Amino acid sequence: MGRLHQVHLDGRVYSCKHCETHLARCDDIVSRSFHCRHGKAYLFARVVNVWVGRNEDRLMMTGMHTVADIFCVGCGSEVGWVYVVAHEKSQKYKEGKFILERFKVLGPDESKALTEP
């Protein structure tokens, strides 16, 4: 396997807390009102520099979803997941969108996850 090309994002970005690889721009946040095992999570319309794991069905607070974990291409750390299929009609807006767990990323000001942008 050859060297992976990484996308460098301009502006205010979220990055992997382990290797600081850019993951998403603040402008691509759809919602800040998501939660996960480690606390806050943000829903993004677009995420870069990740590879996608296997699809699996998960029962979440909002119903059954088919999701795939996403991993940083820089260091391999799990940083969140992508919604592949939302089985409930009211949740269809999530399909194709990405969750980044705040505990696992640096904020746009290079701060650790517990501070808001």
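Bear in mind these aren't lab numbers, they're just calculated from the coordinates by the rules spelled out. Just so it is clear, the structure is predicted and the values come from calculations on it, not from any experiment. Don't worry about glycine lacking a Cβ; one is built from the backbone with ideal geometry, like all the others, and counts go over all protein chains shown.
Side notes on the structure shown:
- Between amide H atoms placed 1.01 Å from N, distances below 5 Å from Arg12 occur with Cys26, all of them 5 or more places distant or on a separate chain.
- Each of the trypsin sites (Lys or Arg not before Pro) that DSSP puts in a loop and that has at most 11 other Cβ atoms within 10 Å breaks the chain; the longest unbroken stretch is 38-111.
- All C-alpha to C-alpha distances of the chain, sorted into 5 Å bins beginning at zero, yield P(r) values of 2, 12, 23, 26, 18, 11, 6, 1, 0 percent in whole numbers.
- Applying a 4.7 Å Cβ-Cβ cutoff to the chain, the cysteines left without a disulfide-compatible partner are Cys26, Cys36.
- Amide H contacts for Gly96 (H built 1.01 Å from N in the peptide plane; partners 5 or more residues away or on another chain; cut-off under 5 Å): Tyr83, Val84.
- Computed from phi, the 3J(HN,Hα) profile of the range 20-28 under the Karplus parametrisation 6.51, -1.76, 1.60 (θ = phi - 60°) reads 6, 5, 5, 10, 7, 9, 4, 5, 9 Hz, with x in place of Gly and Pro.
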